[in-house]
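Notes follow once the structure below has been shown.
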Amino acid sequence: MKIAITILIASLFSLTLYSFANPRAETYSLTIEVKNLRNSKGVVQFALYNKNGSIPDEDYENYYKILKGEIVNGSSTITFKNIPSGKYAINILHDENKNGKIDKGFILPIEGIGFSNFQSIGLTNRPNFSKASFELNENKTINVKVIYM
C-alpha cells in the first residue's frame, strides 16, 4: 500500500512539474464575415495564412487552414477555432462554380476575391501578407470586403 501511495504522489508531482514547464499555448476563435456578395451561387472559400510571402496564393497551396462557407442572403460567415496567437491574413474567394480556384477572364478574376485589410485591389494596391496581416491574441471577428473586378 505504501508503494502505491508513493507512486501516486510521485506521478502527481511529475504531472504538476510538466504542466508548469509546458504550458498549453492559448488558442482563439477567428470569425470571418463577408457581406454584399453579388449573388448566392456557389460557396465562399476562406483561406487563413500565417507566413510572410504566402499570399498572393492564386492556386491555394500556401494556406494554414481553409474552410468553405454557405451563402445565405448574400452573406457568409465561418469561424476558425483553436488558432494559436500570432500574425495571420485572410484570403476570400466567392467560388461561384465551386471549383476551388480563382477563375479568370483575360487577366482579371471573374469571381469575387478579398483580403483582410483591403477595400480595393489594383496595380498599385496588390495584396501581400505584410499588408493583409493582423495580430490574433484574443477571440476576434473580421469583416472582409469581396471585390469584383
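Computed from the coordinates by the stated procedures, all read-outs in this text should not be read as laboratory data. What you are looking at is a predicted structure, and each value in this text was computed from that prediction instead of being measured.
Which three semi-axes in whole Å describe the equivalent ellipsoid of the stretch 26-143, each the square root of 5 times a Cα gyration tensor eigenvalue, listed largest first? Display every interim value, and only then the final one.
On the way: eigenvalues 96, 61, 30 Å².
Those come to 22, 17, 12 Å.
Assuming 0.36 nm per residue, please report the length gained on full extension of the stretch N52 to K131 beyond their Cα-Cα distance.
27.4 nm
Under 16 Å Cα-Cα from K65, which lysines qualify once same-chain neighbours fewer than 8 residues away are excluded?
By straight Cα distance, K65 reaches K51, K81, K87, K101.
Give a residue-ordered list of calculated ³J(HN,Hα) values for the stretch 97-112 (Karplus: 6.51 cos²θ - 1.76 cosθ + 1.60, θ = phi - 60°; whole Hz; x for Gly, Pro).
9, 6, 9, x, 9, 7, 7, 10, x, 4, 9, 8, x, 9, 10, x
Amide H to amide H under 5 Å from I78: which residues, 5+ apart in sequence or cross-chain, H placed 1.01 Å off N in plane?
I32
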